[in-house]
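Presented below is the structure to which this report refers.
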Amino acid sequence: MSAGDGGFDLRVLRCADRGLLLEVADLDEVVALHAALAECIPEGVTDVVPAARTVLLRLETGTDTESVVSSLGDLRRPTGTGTARGETLTVPVHYDGEDLDDIADHTGLSPREVVSAHTGTPWTVAFCGFSPGFGYLMGGDPRLDVPRRSEPRTRVPAGAVALAGTFTGVYPRVSPGGWQLLGRTEARIWDPDRDPPGLLRPGVRVRFEEAS
C-alpha cells in the first residue's frame, strides 16, 4: 500500500493485526509526520510511535485499515520548522562529564564552547528507544557531531547527558552505554509513578541550561 499526494511520500505496511507501519525517507520526515498526526489523528488510531525511519500506528480493534490509509493522504505538513509545537522542557545540566575534553577534541571547540553550543540551540525529541524514557534528541548545533565511544562503558549513571552522532540524550537510569558523556542532570527523566512517566517524549522541545 502507499499513500502520497498529502505532502508526505509514504510506504504503508500492515503490522500484525492492529497496526500500520509508515516508512519515510529520513528522520526529518519522521518528525514532520509525527507533528502532522498530532494535529490530525485519523479515526481509530490509538497510538503513534515514531522511530528513526518509520512511524507505527496502533489501531483500535475493528478499525477499517483502508479508511486509515486513505485519510493519510489528507495530512499536511505543519507550517514553520515542521516539528511539533507542543511542550517545551528546560533541563538544567552540570557540564562536568568524563568525555567533555574528548568532545572538545572531536569538534575543534573548547570545552566552554561545547557547553555554549549544547545550551544555545533548542533540541526536539525525535523518538524514544534503547530503554524506557531514553529520548533521541535532534536539531541541536551541527558542530556537536561526535562518534560513539570506541569502547562502551558497562555502567553509565542515571541522569548522564550525552552525545552520539548528531543526537543528544539523557540516560534515564543506570545502564551500559557508549555515548560521549557531556554532563549530568538531577531531573528525574523517567518515573513509573508519574503520568506520563517519561519527560522526554516524541515532539517535546528541550532547552538545556547550565546548572548553577
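The values are calculated or read from the model by the stated rules, or taken from the named source; none is laboratory data. Quick caveat, the model's predicted, so the values are computed rather than measured. Neighbour counts are summed over all protein chains in view; Cβ atoms, including those assigned to glycine, are modelled from backbone coordinates with ideal geometry.
For the reader, a short list of remarks on this structure follows.
- Residues of segment 24-38 that turn out to be outside any helix (DSSP H, G or I) and not β-branched (Val, Ile, Thr), as a count: 2
- For the residues Val114, Val45, Val55, the requirement of being under 30 Å from Glu210 (Cβ atoms), in contact with a helix residue (DSSP H, G or I) (Cβ under 7 Å, 6 or more places away or on another chain) and at pLDDT 95 or above singles out Val114.
- Criterion (in contact with a His (Cβ under 9 Å, 6 or more places away or on another chain), in contact (Cβ under 8 Å) with a residue 24 or more places away in the chain and not assigned by TED's automatic domain parsing to the domain that holds Val55) met by exactly one of Leu182, Leu137, Leu109: Leu182
- Every condition in (1) assigned to a loop (DSSP other than H, G, I, E, B); (2) in contact with a Cys (Cβ under 7 Å, 6 or more places away or on another chain); (3) of a type outside the set (Asp, Glu) is met by Leu56 except one, and the failing one is (1).
- Cβ-Cβ contacts under 8 Å between residues 6 or more apart (or on different chains), taken from a first residue in segment 148-175 that is without any contact (Cβ under 8 Å) to a residue 60 or more places away in the chain and closer than 19 Å to Thr119 by Cβ to a second residue that is among the basic types (Lys, Arg) and part of a strand (DSSP E or B), are listed as Gly159/Arg184.
- Residue in segment 47-69 that is of a type in the set (Gly, Ala, Ser), touching a residue at least 60 places away in the same chain (Cβ under 8 Å) and over 12 Å from Pro202 (Cα atoms) present: no
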